[in-house]
Amino acid sequence: MYSIIQREFLLKLAREAINTYLETGKELDINESEIDTTLKEDRGVFVTLTIKRALKGCIGHIEPIQPLYKDIIQNAIAAAFDDTRFDPLTKKELDSVHIEISVLSLPKALPYKDSTDLLSKLTPKKDGVIIKKGFNRATYLPQVWDDLPDKEAFLSSLCAKAGLDHDEWKKGKLEVETYTVEMFEED
């Protein structure tokens with residue numbers, strides 16, 4: 001668990017990264033010696049941007065690939081400017097954007113026998129879910145359960161996101177992993 005001070009620092013860092021990129025077109029440069037040791041640990045993290053509760057961008061890494069603070073800087077910029085589902089964030093929108101950070105636990109395989117067993121093993125609002133089949137892969141953060149509280153609808157939507165048939169999860173041939181998140185957001 002991150003302290004309130006660490007959470008506030010990371011949220012401010014994400015906002016500064018977006019603002020710096022808007023003004024200079026460059027990544028925020030930060031003195032690593034000023035960073036708390038805990039925030040230098042490699043962690044998977046997603047940065048989600050919303051405007052008036054509508055998604056504006058969400059980019060992240062499921063697996064830890066670099067120190068948390070660096071991943072937040074890069075994912076904040078990517079969520080603001082590189083999420084292909086949305087137009088890049090504008091200076092006018094910056095004050096309206098709401099930032100949410102989700103730090104992920106390491107994913108764990110979820111073995112299951114069939115679709116009924118899979119449904120019984122999922123915990124809405126707690127589990128982030130990753131599905132894989134061949135080269136197709138997708139994830140939903142635990143927060144997505146708020147919009148898709150029905151387990152079947154959740155899995156069908158996740159399959160579609162991965163480019164699979166919406167009922168692929170019923171066939172029992174998906175690799176499924178789950179993870180939890182520590183989520184914090186701006187006030």
Check your understanding: Can you give the accessible area per residue of the chain, in Å², using a 1.4 Å probe?
Key -> 55 Å²
Point to revise | Paramagnetic reach from residue 23 (point 7 Å along Cα→Cβ, amide N under 13 Å) across the stretch 42-82 | key: none
Review point. Roughly to the nearest percent, how much of the accessible area of the chain is carbon and sulfur, given a 1.4 Å probe?
Key: 50 percent
Check your understanding: If you average the sequence gap of Cα pairs under 8 Å that are 6 or more apart and divide by the length of the chain, what percent do you get for the contact order?
Key -> 21 percent
Review point. Which pairs, out of 56/92; 12/70; 91/125; 113/133, put more than 25 Å between their alpha-carbon atoms?
Key: 91/125
Point to revise | Accessible-area value, residue 15, 1.4 Å probe, nucleic acids and ligands omitted, Å² | key: 60 Å²
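The values are calculated or read from the model by the stated rules, or taken from the named source; none is laboratory data. The model shown is predicted, which means the values in this text are computed figures rather than measured ones. No Cβ is skipped: glycine too gets one built from the backbone with ideal geometry, and neighbour counts run over all protein chains shown. Surface accessibility is based on the protein's heavy atoms, side chains included, excluding ligands, DNA and RNA. Shrake-Rupley method; radii C 1.70, N 1.55, O 1.52, S 1.80 Å.
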